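Before any comments, here is the structure.
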Amino acid sequence: MNEDVLALEDVSKTYNAGKPNEVQVLRGASLVMKRGEVVALVAPSGAGKSTLLHIAGLLDTPDQGSVVIDGRDMTRLGDHARTAARRGQVGFVYQFHHLLPEFSALENVVLPQLANAVSPSAAEARARDLLGRVGVAERADHRPAALSGGEQQRVAFCRALANAPSLLLADEPTGNLDPATSDQVFAALMGLVRDTGLSALIATHNMELARRMDRIVRLDEGQITAQ
Ligand code: ADP
């Protein structure tokens, strides 16, 4: 398989183009991520981190430039193929967990797999394995509201990895947690990423966490620059 998991080439994105409130967010941003690499994306609020993650994760399309995942150019895929690629190849984690409140932790990790045609028994086995790896096996039958903030995020990581994506995109994944919890939850995330050989692009304001990743890139004036 191709060694590069993600290649963003010369990606540009402007909101409200041609209008008085036009915002040129990305101006030729390029980034290549190798398999297994964990990259910190650091930039101030409003610099375009979420926009970049959404484009890399096929939730949004660039005005110009290309998005290649696992060696396949995704830039001009139709909606159907784009959704299928996103579901199979990309996992997302946000600052807020976005778990389904009426389902247990286990079910939250099982459901995306059923949507991807995995058998119920295989989906449950994988969900239990993932939950165990991040230390929440005993909480599997609890609904999100009965879990702590740190536990909720751990479950959200498992859900993001449920369909064994090659790329994890995370937008301030520990940003809602107190510093001690953030530290532990980040360690759990890194353990999971290393265990599964996943590549991860993790937006953060926290330089201490950023320094624990393989490398740091910045988003500056709409372009990616190395640290
Ligand atoms: P960050 O994640 O670094 O905080 P964002 O990617 O969310 O940055 O936003 C970058 C800029 O683009 C901001 O100025 C924001 O207001 C603007 N923006 C984001 N999404 C939209 C949108 N859908 N329509 C118009 N402007 C947007």
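No value in this document is a laboratory result; all are computed from the given coordinates. None of the values given here were measured: they were computed from a predicted structure. Please note: Cβ atoms are built from the backbone with ideal geometry, for glycine as well, and neighbour counts cover all protein chains shown.
Taking a ≥ b ≥ c as the square roots of the eigenvalues of the alpha carbon gyration tensor, the range 1-87 is oblate, as a/c is not under 1.5 and a/b does not beat b/c. Look at the alpha carbon pairs under 8 Å that are at least 6 residues apart: their mean separation over the length of the range 1-110 gives a relative contact order of 28 percent. Please give the FRET efficiency for residue 45 paired with residue 211, using the beta carbon to beta carbon distance and R0 = 30 Å, rounded to the nearest 0.05. Taking R0 as 30 Å, the efficiency between residue 45 and residue 211 is 0.90.
Its relative contact order, with pairs defined as Cα atoms under 8 Å and 6+ residues apart, puts the range 50-107 at 26 percent.
Comparing mean-square fluctuations of 48, 78, 91 from a GNM of the chain with C-alpha springs under 10 Å, the top value falls on 78. Computed about its Cα centre, the charge dipole of the range 147-227 is approximately 240 debye, with only Lys, Arg, Asp and Glu carrying charge at their Cβ. Oblate is the label for the range 167-227, because the ratio a/c of its alpha-carbon gyration tensor axes (a ≥ b ≥ c) is 1.5 or higher and a/b is not greater than b/c. Result for the chain in a Gaussian network model with C-alpha springs under 10 Å: among 88, 135, 46, the largest mean-square fluctuation is at 46. Ranking 202, 134, 164 by how far each Cα lies toward the positive end of the dipole of the range 121-227 (charges on Cβ) leaves 164 at the top.
Using the Cβ-Cβ distance between residue 30 and residue 195 with R0 set to 35 Å, the FRET efficiency from 1/(1 + (r/R0)^6) comes to roughly 0.75. Ranking 120, 105, 95 by Cα position along the charge dipole of the range 74-132, where only Lys, Arg, Asp and Glu carry charges on their C-beta atoms, puts 95 farthest toward the positive end.
If a/c stays under 1.5 just call it rounded; otherwise compare a/b with b/c (prolate if a/b is bigger, oblate if not). Do that for the range 72-227, with a ≥ b ≥ c from the square roots of the Cα gyration tensor eigenvalues. In terms of gyration-tensor shape, oblate. Overall, the range 104-186 carries a charge dipole of about 240 debye about its Cα centre when +1 sits on the Cβ of Lys and Arg and -1 on the Cβ of Asp and Glu, all other atoms neutral. Dividing the mean sequence gap of close Cα pairs (under 8 Å, 6+ apart) by how many residues the chain holds gives a relative contact order of 30 percent.
Against the main long axis of the alpha-carbon atoms of the chain, helix 179-196 sits at an angle near 90°. For the chain, the Cβ-based charge dipole about the Cα centre amounts to some 160 debye (Lys, Arg positive; Asp, Glu negative; other atoms uncharged). Extension gain for the segment residue 95 to residue 121, taken as residue separation times 0.36 nm less the Cα-Cα distance, is 6.3 nm to one decimal. Express in whole angstrom the spacing between the alpha-carbon centres of the range 1-65 and the range 169-227. If you average the Cα positions of each part, the centres end up 16 Å apart. The GNM of the chain, with springs linking C-alpha atoms under 10 angstrom apart, assigns the highest mean-square fluctuation among 201, 59, 161 to 59.
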